[in-house]
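Worksheet: one structure, shown below.
The values are calculated or read from the model by the stated rules, or taken from the named source; none is laboratory data. In this text, all values refer to a predicted model and were calculated from it rather than measured experimentally. In this analysis, Cβ positions are derived from the backbone assuming ideal geometry, glycine residues included, and neighbour counts consider all displayed protein chains.
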Amino acid sequence: MSKRKGLEGLFDGRHFDREIIVLCVRWYLRYKLSLRDLVEMMAERGLSLAHTTIMRWVKRFTPEFVKRWNRFAVPSGRSW
């Protein structure tokens, strides 16, 4: 079996859309929101989630996102 390189392969078999998962993980990491804050924010958008679901997403997808985000990081030099 070949391993898919795209984001689509990461989200195969998931109940929620890829955009929802990425949004929750990104907001959790970037804005330091609590899991329950994210549940409340998703409820305002009409989605019923448990905080443990978001916690599982963060644990599952953060290493892969970091790998992908670091590919685009610009290395800084030693001088200004």
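Data for the structure
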{"item": "Close pairs (8 angstrom Cβ cut-off, 6 or more residues apart or separate chains): within 17 Å of W69 (Cβ to Cβ) and part of a helix (DSSP H, G or I) in region 11-35, modelled with pLDDT under 90 and acidic (D, E) anywhere", "result": "R18/E8"}
{"item": "Matching residues, region 55-74, being closer than 14 Å to F11 by Cα and touching a residue at least 12 places away in the same chain (Cβ under 8 Å)", "result": "W57, V58, F61, T62, E64, F65"}
{"item": "Failed item, numbered, when K67 is tested on (1) within 15 Å of the chain's Cα centre (by Cα); (2) surrounded by 10 or more Cβ atoms within 10 Å (Cβ to Cβ); (3) not small (G, A, S)", "result": "(2)"}
